[in-house]
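Following: one structure in structure tokens, then a few remarks.
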Amino acid sequence: MLGSFLTDTGHVRSHNEDAGGIYLNKDRQILAIVADGMGGHSAGDVASALVTASLHKEWEKVGRIGSPEEAEEWLSEQIKIANRDILNYAIEHEECRGMGTTVVAAICASDFITIGHIGDSRGYLSNSHGFKQITEDHSLVNELVRSGQLSKEDAEHHPRKHVLLKALGTEEKVGIDVKTIGWEENNYLLLCSDGLTNKVEDNELHQYIIEEDSIEESCNKLINLANERGGEDNITLAIVQNSPQKKEGE
């Protein structure tokens, strides 16, 4: 299995409030994370860094995850713990009151992916059937689309597109979406913040992932494309390729 992570401040923002990474457990299974912080000043990057560090620290302690049930339980519990950590930090640091973050995180085993998320950072899967978003945005406009009050086309340019219905670190109890899907050799998982998806269409995401020589090159070219189109937001993505013949770093 191969993984690549890249984040960029973009052309407009003064600092990067996104965080994440590609991390290995003791059995060399991958945990991929993308988090998009919010709250202004330094608070957004604090929240995204906290959830990333919390998941990373616990993942390094884990042995083999052998079943979807085990993966779903671990991911749900650890995201809830991270939510508590963010809330407690905000209580102890007045300047961070009101901060929060999206998170999309995926446990990648050889034959399945377990993905958990809250907010509008997304997960996509590329397989023999094509390219599909496998997360559901927790946003106002997506809820309007789901209820039939807004078309997908209109949603892309809606003035309240960035309004989230829920995020990590904003309430004591959070509703986390967690699910497991199967994947096969040479399938790709993409996790990304809206700094990428607001600038690059789904078909373009797919093209850059499958046509480049490496997932590192795909990451670089997608970041460059989002920046060429304005780069008003931070841009972050993680790509995991199910390539069992190779190990990370080889």
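The values are calculated or read from the model by the stated rules, or taken from the named source; none is laboratory data. In this text the structure is predicted, and so the values were computed from the model without any measurement. Here Cβ is always computed from backbone atoms with ideal geometry, including for glycine, and neighbour counts include all displayed protein chains. These accessible areas exclude ligands, DNA and RNA; they are computed on the full protein's heavy atoms, side chains included. Shrake-Rupley method; radii C 1.70, N 1.55, O 1.52, S 1.80 Å.
If a/c stays under 1.5 just call it rounded; otherwise compare a/b with b/c (prolate if a/b is bigger, oblate if not). Do that for the chain, with a ≥ b ≥ c from the square roots of the Cα gyration tensor eigenvalues.
Numbers: a/c = 1.42, a/b = 1.11, b/c = 1.28.
Rounded, because the longest to shortest axis ratio a/c is under 1.5.
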- Message: Please report the spacing between the Cα centers of the range 1-77 and the range 144-168 in Å, no decimals.
- Response: 25
- Item | Cβ-based charge dipole, the range 93-250, positive-most Cα from 157, 127, 242 | 157
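Test of understanding: express the Cα radius of gyration of the range 59-151 as a ratio to 2.2 N^0.38 Å, with N the residue count.
1.34
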- Can you tell me the accessible area per residue over the range 101-144, all protein chains present, probe 1.4 angstrom, in square angstrom? 28
- Task: Name the most mobile residue of 45, 202, 177, meaning the one with the largest mean-square fluctuation, in a Gaussian network model of the chain with Cα contacts below 10 Å.
- Result: 202
- Using a Gaussian network for the chain with springs between C-alpha atoms less than 10 Å apart, which of these wobbles most: 91, 115, 210? 91
- Query: Ignoring ligands, DNA and RNA, what accessible area per residue does the range 148-250 give at 1.4 Å, in Å²?
  - Reply: 54
- Query: Under 5 Å between amide H atoms, partner at least 5 residues away or on a different chain: which partners does residue 109 have, H built in plane at 1.01 Å?
  - Reply: 114
- Set the Förster distance to 25 Å, then compute FRET efficiency between residue 26 and residue 80 from the Cβ-Cβ distance, nearest 0.05. 0.65
- Message: Using a Gaussian network model on the chain with a 10 Å cutoff between Cα atoms, which of 90, 47, 35 fluctuates the most?
- Response: 90
- Note on the structure: A 1.4 Å probe over the protein heavy atoms gives the chain a carbon and sulfur accessible-area percentage of 44
- Message: As I understand it, the dipole of the range 1-104 uses +1 on the Cβ of Lys and Arg and -1 on the Cβ of Asp and Glu, about the Cα centre. Which of 15, 39, 29 lies farthest toward its positive end?
- Response: 29
- Rounding to the nearest 20 debye, state how big the charge dipole of the chain is about its Cα centre with +1 on each Lys and Arg Cβ and -1 on each Asp and Glu Cβ. 340
- Message: Relative contact order for the range 107-250: what percent, with Cα pairs under 8 Å and sequence separation of 6 or more?
- Response: 28
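If contacts are Cα pairs under 8 angstrom and at least 6 residues apart, what is the relative contact order of the range 1-119 in percent?
Details: 221 pairs, mean separation 33.3, N = 119.
RCO, the range 1-119: 28 percent.
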- Task: Set the Förster distance to 30 Å, then compute FRET efficiency between residue 186 and residue 73 from the Cβ-Cβ distance, nearest 0.05.
- Result: 0.55
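I'd like the projected area of the range 102-200, averaged over all directions, using the convex hull of its alpha carbons. Report it in nm² with one decimal. Don't skip to the end; give the middle numbers.
Values: hull surface 28.6 nm².
Average projection, Cα convex hull of the range 102-200: 7.1 nm².
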- Per-pair calculated FRET efficiency, R0 = 30 Å: residue 129 and residue 53 via Cβ, rounded to 0.05: 0.25
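Report the gain in length on full extension from residue 97 to residue 136: 0.36 nm times residue separation, minus Cα-Cα distance, nm rounded to one decimal.
11.3 nm
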